[in-house]
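One structure is given below, encoded as structure tokens.
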Amino acid sequence: MKKLLTSATVSIALLAGAPAVYAQTQSQPTETDQSTYTNPAASGEAETDFDDAELRKFVEAQSGINDIRDEYMAKIEDAGSQEEAQELQIEANDEMVSVIEDAGLDIPTYNAIATAYNSEPSVRNRVDALM
């Protein structure tokens, strides 16, 4: 359970942007459109009414996310430059998006479940029961 909690948190961080070690030195503005996405954790309004099918898809995606996270975290930490780290971040992000979509979820739903897993015991208990 603790591994899933950590993994979900790391996955959200990887999907949301560059690793913290490079975030402070990032000088180029991002080109992503954040106007349509609100972070449910920041608003305090985490969705909790996921059906079992969505939660099963989340568990399935999480397995692939764990593999990608394990592979890329060391590569990113060992990167020789900020540019190399950003390229690796983009690669990891693209692979994670593919894993999530291949599991049948969209990114906002995956992130909402991960946020609820971290903040809502009822969602955490349901996900843990499916593992």
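Going through 118, 111 one at a time, which residue ends up being in contact with a Ser or Thr (Cβ under 7 Å, 6 or more places away or on another chain), assigned to a helix (DSSP H, G or I) and surrounded by 13 or more Cβ atoms within 10 Å (Cβ to Cβ)? Of 118, 111, the one residue that is in contact with a Ser or Thr (Cβ under 7 Å, 6 or more places away or on another chain), assigned to a helix (DSSP H, G or I) and surrounded by 13 or more Cβ atoms within 10 Å (Cβ to Cβ) is 118.
Have a look at 79, 103 and point out the one that is surrounded by 14 or more Cβ atoms within 10 Å (Cβ to Cβ), more than 18 Å from residue 131 (Cβ to Cβ) and not β-branched (Val, Ile, Thr).
On the way: 103 fails: more than 18 Å from residue 131 (Cβ to Cβ).
Unique residue meeting the criteria: 79.
To keep it simple, each residue is scored yes or no on (1) loosely packed, with under 13 Cβ neighbours inside 10 Å; (2) modelled with pLDDT of 50 or more; (3) under 30 Å from residue 122 (Cβ atoms).
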residue	(1), (2), (3)
26	no, no, no
43	yes, no, yes
53	yes, yes, yes
65	no, yes, yes
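One residue stands out among those in segment 93-131 that are free of Cβ contacts under 8 Å to residues at least 12 places away in the same chain and of a type in the set (D, E, K, R): the one that is farthest from residue 75 (Cα to Cα), which is 106.
The values are calculated or read from the model by the stated rules, or taken from the named source; none is laboratory data. Given the structure is predicted, the values throughout are model-derived calculations rather than measurements. We place every Cβ from the backbone using ideal geometry, glycine too, and count neighbours over all the protein chains shown.
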